[in-house]
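The values are calculated or read from the model by the stated rules, or taken from the named source; none is laboratory data. As the structure is a prediction and not an experimental result, all values here were calculated from the model. All Cβ positions, even for glycine, are placed from backbone atoms using ideal geometry, and neighbour counts span all protein chains on display. When the accessible area is computed, the model is the full protein with side chains, heavy atoms only, and any ligands, DNA or RNA have been set aside. Shrake-Rupley method; radii C 1.70, N 1.55, O 1.52, S 1.80 Å.
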Amino acid sequence: MADRYSFSLTTFSPSGKLVQIEYALNAVAQGVTSIGIKATNGVVIATEKKTGSALVDDTTVEKVVMICSNIGVVYSGMGPDARVLVDRARKAAQEYKRIYNVEPPTSVLVKEVASIMQEFTQSGGVRPFGVSLLMAGFEEAGPALYQIDPSGSFFAWKATAIGKNMINAKTFLEKRFTSSMEIEDAVHTAILTLKEGFEGAMTDSSLEIGIATMETTINSHGVPTKTGTFRRLRPAEIKDYLANIA
Amino acid sequence: MSIMQYNGGCLVGMKGKNCVAIASDRRFGVQALGLSTNFQRMFSVNNRLYYGLAGLGTDVQTLSEKFRMSVNMYNLKEERDIAPTTFASLVSSTLYERRFGPYFSEPVIVGLEKDDTPFICAMDLIGCINFAKDFVVTGTSSEQLYGMCEALWEPDLEPEDLFETISQAMLNAVDRDALSGWGAVVHVITPTQVITRTLKGRMD
């Protein structure tokens, strides 16, 4: 019965679903697992860098990306769709900066990206994005972690997983997560969670981790200030964390 | 006849010790003809951030409505109050949007930042921000105000002293300008309250 309504995105099925969105979520569920954990002093997002063959130059593959200086994102699902959203998110962040001269807070950027994803569920001739995003940021109000789905719905999480192994990973996180966790513990826990469903060897080049924390930077007046900063962990840092796991 | 001198009016903003003050005159006229003695030039964004607009009266009113809308949308979307520096950037980008057909209005913004640090700034009609450390002036009697402020202002004035200083600067400056005056209003903003006073000045 669902097949009669599954071809046109803009048609509701009798049960009240937009079947294309369900299928988009299936595409996400086939994607490589990604984890996000919010700590008291930061947020960590992580994923496995899965390349088809050992011949692929994996230094050029980037799954954990920065959107603006205080927000980063990781995805599960179709890489090319994620790239388009990353470009749109980066542009939206800079447009915000043109008006307000400050980085957008995570919640605001999340709403913007979510509404872009929603557009593709209500327009003619397009299909929904086949990705779910985990957006991590740090601003005045503190650390923030959001999930954005192909439908355009977004959820704020303390800890979550998306992709292939998400059910097991979320069960693992439910047991392991504590609200008093600090960022180092959160990174450690994220790696342990990924380890459960990891396909292949866990090395500093097959793991991608990004953290959003308060860092002291020099501002435009030459004054050191504390600002929310997102950065990817360097391979040497990932190696240190992996050494503690083993 | 310059468009910025068509309606008249002026504003001054000053920094004090953990407080800021903003004052404006109340005259609205059409060149030499005075029409109103209670024209509103100062507006509040919230109880810690005030701004004023000098210049063409219609642009003062339209811009205040535009900013009210932008700030309301900001509050609804971001679920927080807008910071003074952020509001200043918003005003600047709104003015620059009309770079080649500008609003004929020059704003003054005063407020307290989240940690109660005083903040003042002024802009030209196309949004160039002047982040001042002491005082900011704008309007038809800006030259007179510069003179009065330079003479009277000193750092770290308490709210009551800041009120006296800004009031004397305003009253005496507008008395030397035909297009300004006809009453004055002062807002003094402290971390706990905003005190608004109407000044008694020469009504000529």
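Counting only protein chains, not ligands or nucleic acids, how are B:Met69, B:Met42, A:Met166 ordered by accessible area (probe 1.4 Å), most first?
The residues order as B:Met69, A:Met166, B:Met42, largest area first.
What is the projected area of the convex hull of the Cα atoms of region A:9-54, averaged over all directions, in nm²?
The Cα convex hull of region A:9-54, projected and averaged over all directions, gives 6.0 nm².
Calculate, in whole percent, how much of the Cα-Cα pair population of region A:189-246 lies beyond 12 Å.
The share of Cα pairs beyond 12 Å in region A:189-246 comes to 72 percent.
Counting Lys +1, Arg +1, Asp -1, Glu -1, what net charge surrounds B:Asn75 among other residues with beta carbon under 14 Å of its beta carbon?
Every neighbour counted, the sum reads +1.
Roughly how many percent of the accessible protein surface of region A:153-246 is carbon and sulfur, given a 1.4 Å probe and a whole-percent answer?
54 percent
Where only protein heavy atoms count, and the probe is 1.4 Å, what is the accessible area per residue for chain A in Å²?
Result: 49 Å² per residue.
Using all alpha carbons of the protein assembly as shown, what is the percent of pairwise distances in each 20 Å bin, ordered from the shortest bin to the longest?
23, 40, 27, 11, 0
If you keep only loop residues by DSSP, which trypsin sites (Lys or Arg not before Pro) in region B:96-204 have at most 15 other Cβ atoms within 10 Å of their Cβ?
B:Arg98, B:Arg99, B:Lys114, B:Lys133, B:Arg176, B:Lys200, B:Arg202
Which value in deg cm²/dmol, rounded to the nearest 500, describes the helix-derived mean residue ellipticity at 222 nm for chain B, given -39,500 (n - 2.57) per DSSP H run of n ≥ 4 and division by the residue count?
That comes out to -10000 deg cm²/dmol.
Once the Cα atoms of helix A:183-196 and of chain A are each reduced to a long axis, what angle between those two axes, in degrees from 0 to 90 to the nearest 10, is obtained?
Approximately 50 degrees, to the nearest 10.
Measure off, as a whole percent, the carbon and sulfur share of the 1.4 Å-probe accessible area of region B:58-143, all protein chains present.
Taking all protein chains in place, region B:58-143 shows 50 percent carbon and sulfur surface.
Per 10 Å bin, what is the whole-percent P(r) computed from every C-alpha pair distance within chain A?
Going from the shortest bin to the longest, the percentages are 8, 31, 34, 20, 6, 1, 0.
Roll a 1.4 Å probe over the protein heavy atoms and report the accessible area of A:Tyr100 in Å², nearest 10.
The accessible area comes out at roughly 30 Å².
Using R₀ = 35 Å, calculate the FRET efficiency as 1/(1 + (r/R₀)^6) where r is the Cβ-Cβ separation of A:Thr59 and A:Asn26; round to 0.05.
0.65
Could you calculate, for chain B, the ratio of the Cα radius of gyration to the Kirkwood radius, expressed as Rg to Rh?
0.94
What percent of all Cα-Cα pairs in region A:153-195 falls in each 10 Å bin, counting up from 0?
Using 10 Å bins, I get a P(r) of 28, 57, 15 for region A:153-195.
How many partner chain Cβ atoms sit within 10 Å of a residue's Cβ in peptide A:95-107, on average, as a whole number?
Taking all residues of A:95-107 together, the mean is 4.
For region A:167-237, which GluC sites (Glu not before Pro) pass both filters: DSSP loop (anything but H, G, I, E, B) and at most 16 other C-beta atoms within 10 Å?
Within region A:167-237, the qualifying GluC sites (Glu not before Pro) (loop, at most 16 other Cβ atoms within 10 Å) are A:Glu182, A:Glu199.
Of the listed pairs A:Lys17/A:Lys91; A:Lys111/A:Lys239; A:Lys49/A:Lys175, which have alpha-carbon separations greater than 28 Å here?
A:Lys17/A:Lys91; A:Lys111/A:Lys239
Based only on the alpha carbon positions, what is the Kirkwood hydrodynamic radius of region A:1-95, in angstrom?
Over region A:1-95, the inverse of the mean reciprocal pair distance is 16.0 Å.
Give me the accessible area buried between chains B and A, both sides summed, with a 1.4 Å probe, in Å² rounded to the nearest 100.
Accessible area lost upon association: around 900 Å².
Can you send over the carbon and sulfur percentage of the accessible area for region A:1-143, probe radius 1.4 Å, protein chains only?
52 percent
Could you state the accessible area per residue of chain B in Å², with a 1.4 Å probe and every protein chain left in place?
47 Å²
Working from Cα positions, state the angle (0 to 90°, nearest 10) between the long axis of helix A:235-245 and the longest principal axis of chain A.
90 degrees
Looking at region A:130-246, I'd like the Rg to Rh ratio, where Rg is from alpha-carbon atoms and Rh is Kirkwood's inverse mean 1/r.
Checking Rg against Rh, the ratio lands at 0.99.
Which net charge results for the neighbourhood of A:Val32, defined as the other residues with beta-carbon distances under 12 angstrom from its beta-carbon, given Lys and Arg at +1 and Asp and Glu at -1?
Spelling it out: positives minus negatives among the neighbours equals +1.
With θ set to phi - 60°, apply the Karplus curve 6.51 cos²θ - 1.76 cosθ + 1.60 along region A:115-132 and write out the HN-Hα couplings as whole Hz, x wherever there is a Gly or Pro.
6, 5, 5, 5, 3, 7, 9, 9, 10, x, x, 10, 10, x, 6, x, 9, 10
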